[in-house]
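A quick write-up on the structure given underneath.
The values are calculated or read from the model by the stated rules, or taken from the named source; none is laboratory data. Since we're looking at a predicted model, the values are computed, not measured. Note: ideal-geometry Cβ built from the backbone for every residue, glycine included; neighbour counts use all protein chains shown. Accessible surface areas use protein heavy atoms only, side chains included; no ligands, DNA or RNA. Shrake-Rupley method; radii C 1.70, N 1.55, O 1.52, S 1.80 Å.
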Amino acid sequence: MIMNFVEELRWRGMLHDIMPDTEEYLLKNKTTGYIGFDPTADSLHIGSLVPIIILMHFQKAGHNPIALVGGATGMVGDPSGKSDERNLLDEETLAKNVAGVQGQLARFLKFDNTDIENPAELVNNYDWMKNISLIEFVRDVGKHITVNYMMAKDSVKKRFAADSEVGMSFTEFTYQLFQGYDFYHLYKEKNCVLQMGGSDQWGNITTGTELVRRKAQGKAYALTCKLITKADGTKFGKTAGGNVWLDANRTSPYKFYQYWLNSSDEDAENYIKIFTFLDKETIEALIAEHKQAPHLRILQKKIGEEVTVMTHGVEAYENAIKASNILFGNSTTDDLKSLNEQTFLDVFDGVPQAEIERSAIESGLNIVPAFAETGFLKSNSEVRRSLNENAISVNKEKVTEDYNITSKDLIADKFVLLQRGKKSYFLLRVI
């Protein structure tokens, strides 16, 4: 059964541009559509979640999604939305990036055709572009699209604007022809009649529909989604530490979860619609509940749960919650020791630390010098005073003056967490 894919995007606030007759066509026909992903790194970041989720909605609506990884177009570089030219990647780096992106896409879309009537398909445009010569491409593709048409695209006009000092290389100028040829190829080989993408891709996508019309005398459709913006004007998907990646080795599930948890209330009302598959009734109820008690951050927690589980799995989400509670809840030594090294360091990012020889730990390090001689507290007397106030903890457990830190206290075999009171932390790093 085909569901109204376009209406699903519309009520979620995701729809931006749509070619006439596209919605009607999709309601009447089981359709193959695609979105392209640039392999500029070996991992996608959370900005790529929007096109991924669009393909997931497309599949849920009963259509056939194609995820295209740009092994060929990645060598050229998309100028859309860019103020200067990208650095071109070498083939080895590009191949590594393509493999990484392909692996990530397989986590979100259903590619197994044994239990679904409309399995997704993964393609790499390098497979059909690698054997085309420049002469063939110029003769068979270039002659169908005029320079006037290409110059009229916003992505080109902005780079040729009077206040632009960059201009545009011939390499970037031809990008829309490459992307247009992808659409033509998929139209001919896969009966793919729809291309989707971010609103900055409209020019490239419509070049594809025009190439299908002129070269194949066919009819193709286009649809774009809104680019995600934040209410405060800062860039979505960025933190002080850089991009928020989908790869757990680049951005730990804890930091990934924290990104959503730290969303503003205004952004959270948009994100709950865009980044989850909760239905309209559930979302409206969550928004109403959140407005009654904003301090509980109901929306942010639900978004964090849904997106973290979707991206990293249930276990990673539960570990992220456990890690979050370490700073603000009643966690235990066992909770600390269950964290891997990266998550532990993410939780205590910015906490002051000191290095200590492993031999000192192995022979037993008394709690007083552990706090005073490492620089955490100013003197032995201050440590003892805090001990008398029952304010000293090792790995979240209260200790007394006769306590010795030993190898059994090590977290990830190299850290000990010292604490005074509820919020003052210090790390011993064993070397």
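Here are the numbers for this structure:
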quantity	calculated
All positions within the stretch 11-25 that are open to solvent by less than 20 Å² (accessible area, probe 1.4 Å) and either among the acidic types (Asp, Glu) or closer than 28 Å to Val101 by Cα (or both)	Arg12, Met14
Test: residue in the stretch 196-204 that is under 20 Å from the mean Cα position of the chain (by Cα), more than 16 Å from Asp154 (Cβ to Cβ) and modelled with pLDDT of 90 or more	yes
The one condition in (1) closer than 24 Å to Gly203 by Cβ; (2) not hydroxyl-bearing (Ser, Thr, Tyr); (3) not in a helix (DSSP H, G or I) that Glu23 fails to fulfil	(3)
Within the stretch 252-264, considering residues that are buried (at least 20 other Cβ atoms within 10 Å of the Cβ) and assigned to a loop (DSSP other than H, G, I, E, B), the one nearest to the chain's Cα centre (by Cα)	Ser252
Residue in the stretch 396-431 that is most open to solvent (accessible area, probe 1.4 Å), counting only those that are under 15 Å from Thr374 (Cα atoms) and of a type in the set (Val, Ile, Thr)	Ile431
Some residue of the stretch 239-251 being under 21 Å from Lys153 (Cβ atoms), open to solvent by 20 Å² or more (accessible area, probe 1.4 Å) and either part of a loop (DSSP other than H, G, I, E, B) or at pLDDT 90 or above (or both)	no
Residues within the stretch 111-121 that are surrounded by fewer than 20 Cβ atoms within 10 Å (Cβ to Cβ) and among the aliphatic types (A, V, I, L, M), tallied	1
Boolean, Ala222 is within 24 Å of Ser48 (Cα to Cα), open to solvent by 40 Å² or more (accessible area, probe 1.4 Å) and touching a residue at least 24 places away in the same chain (Cβ under 8 Å)	no
Residue identified as within 20 Å of Lys398 (Cβ to Cβ) and touching a Pro at 6+ places or on another chain (Cβ under 8 Å) among Phe371, Phe376	Phe376
Among residues of the stretch 265-324, those that are free of Cβ contacts under 8 Å to residues at least 24 places away in the same chain, part of a helix (DSSP H, G or I), more than 22 Å from the chain's Cα centre (by Cα) and surrounded by fewer than 18 Cβ atoms within 10 Å (Cβ to Cβ), counted	11
Any hit, the stretch 55-74, residues being under 23 Å from Ile283 (Cβ atoms), out of contact with any His (no Cβ under 7 Å at 6 or more places or on another chain) and among the aromatic types (Phe, Trp, Tyr)	yes
Yes/no for Gly13 being closer than 21 Å to Glu306 by Cα and either outside any helix (DSSP H, G or I) or free of Cβ contacts under 8 Å to residues at least 12 places away in the same chain (or both)	yes
Failed item in (1) open to solvent by 30 Å² or more (accessible area, probe 1.4 Å); (2) touching a Leu at 6+ places or on another chain (Cβ under 6 Å); (3) of a type in the set (S, T, N, Q), with Ser363 passing the rest	(2)
Among residues of the stretch 330-360, those that are over 31 Å from the mean Cα position of the chain (by Cα) and not β-branched (Val, Ile, Thr), counted	6
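Residue by residue, here is whether (1) surrounded by fewer than 17 Cβ atoms within 10 Å (Cβ to Cβ); (2) in contact with a His (Cβ under 8 Å, 6 or more places away or on another chain); (3) at pLDDT 80 or above; (4) aliphatic (A, V, I, L, M) holds:
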{"site": "Gly77", "(1), (2), (3), (4)": "no, no, no, no"}
{"site": "Gly81", "(1), (2), (3), (4)": "yes, no, no, no"}
{"site": "Gly103", "(1), (2), (3), (4)": "yes, no, yes, no"}
{"site": "Leu109", "(1), (2), (3), (4)": "no, no, yes, yes"}
{"site": "Val123", "(1), (2), (3), (4)": "no, no, yes, yes"}
{"site": "Ser133", "(1), (2), (3), (4)": "yes, no, yes, no"}
{"site": "Gly142", "(1), (2), (3), (4)": "yes, no, yes, no"}
{"site": "Tyr149", "(1), (2), (3), (4)": "yes, no, no, no"}
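Yes or no, residue by residue, for (1) under 30 Å from Lys301 (Cβ atoms); (2) touching a residue at least 60 places away in the same chain (Cβ under 8 Å):
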site: Asp334; (1), (2): yes, no
site: Gln342; (1), (2): yes, yes
site: Leu345; (1), (2): yes, no
site: Val383; (1), (2): no, no
site: Leu387; (1), (2): no, no
site: Ile411; (1), (2): yes, yes
site: Leu417; (1), (2): yes, yes
site: Phe426; (1), (2): yes, yes
